[in-house]
Amino acid sequence: MKLITIAIDGHSSCGKSTMAKDLAKEIGYIYIDTGAMYRAVTLYALQNGLISEAGIDEDALQQHMPDIMITFQLNEETGRPDTYLNGVCVERDIRTMEVSKFVSPIATLGFVREAMVDLQRLMGEAKGVIMDGRDIGTVVFPDAELKIFVTASADVRAKRRYDELIAKGETCSLDEIRANVIERDRIDSTRAISPLRQAEDAIVLDNSNMTIPEQKAWLLEQYHKVAGQ
Ligand code: DC
């Protein structure tokens, strides 16, 4: 099998990362969750008082960017990588509703995107990576050998997110999550820099009515088609 780059883009909460993580584990690739990187920057901004009622203090955040170090480390128990912010595991803290509320506006900032894209290119330099996000097939790795664009209805996505948070013991409302999913789609798709859009050469997967094992099998088949050539 030849070593390739796999770009998985799509709407929020449509199960991209579950598919991507499972495939990475199965084929021995490195998995990089780029949404987690934007979430870590958002968490940093919240922890350092750079987000208030008045909005995001963009100038201060820009000055803080060199102090934000994001890395991934394999969790031996789950077999999946955890996100670290300045050496501290933040895998759980970056998935809260508070972070979800502010992450899309943070991800519209040019200086944040520039720093994250540089880091992502460095992480994927050697190929053998599966990267999931919004702009991987269009901006980060436009030459990726395999590009997938995943989508599902807003209702299905909100319910998946809701179940995930409830399973983690968080209190949340399905309506609030649905509104957040729709609002993030709007911000992600209409922002000026690197908006969420399907790459022309991406394969579209609508997984509204698919089980996780079905998605996994479908993705593995796409990988074999490309890497086995
Ligand atoms: O995949 P996610 O829901 O964890 O992503 C969080 C946010 O980060 C999402 O609202 C859009 C943004 N994002 C982005 O702009 N570009 C990426 N490559 C990945 C995520």
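Observations on the model:
- Percent RCO, i.e. relative contact order, over region 111-194, from Cα pairs under 8 Å lying at least 6 residues apart: 25 percent
- Among Met69, Ala45, Ile56 - extreme Cα towards positive end, dipole of region 42-88, charges at beta-carbon: Met69
- In a simple Cβ point-charge model (Lys, Arg +1; Asp, Glu -1; nothing else charged), the chain has a dipole of about 460 debye relative to its Cα centre.
- Rounded accessible area of Lys25 (nearest 10 Å², 1.4 Å probe): 120 Å²
- Angle in degrees between helix 34-47 and the longest Cα principal axis of the chain, rounded to the nearest 10: 10 degrees
- Accessible surface, per residue, of the chain when the full set of protein chains is kept, probe 1.4 Å, Å²: 48 Å²
- Computed over neighbours whose Cβ is under 13 Å from that of Glu26, the net charge equals +2, Lys and Arg +1, Asp and Glu -1.
- Using C-alpha pairs under 8 Å with a sequence gap of at least 6, the mean separation divided by the residue count of region 1-138 gives a relative contact order of 46 percent.
- Region 9-56, dipole about Cα centre (Lys/Arg Cβ +1, Asp/Glu Cβ -1), debye to the nearest 20: 80 debye
- The dipole here belongs to region 129-229: it is taken about the Cα centre, uses +1 on the Cβ of Lys and Arg and -1 on the Cβ of Asp and Glu, and is about 120 debye.
- Sulfur and carbon atoms: percent of accessible area, region 1-142 [1.4 Å]: 49 percent
- Treating each Cα of region 1-146 as one equal point scatterer and applying the Debye formula with no solvent, the log10 of I(q)/I(0) at q = 0.17, 0.20 Å⁻¹ comes out as -0.95, -1.30.
The values are calculated or read from the model by the stated rules, or taken from the named source; none is laboratory data. Just so it is clear, the model here is predicted, and its values are computed rather than measured. When we count neighbours, we look across all protein chains shown, and the Cβ atoms used for this are built from the backbone with ideal geometry, even at glycine. Each accessible area value is taken on the protein alone, full model and side chains, heavy atoms only, with ligands, DNA and RNA left out. Shrake-Rupley method; radii C 1.70, N 1.55, O 1.52, S 1.80 Å.
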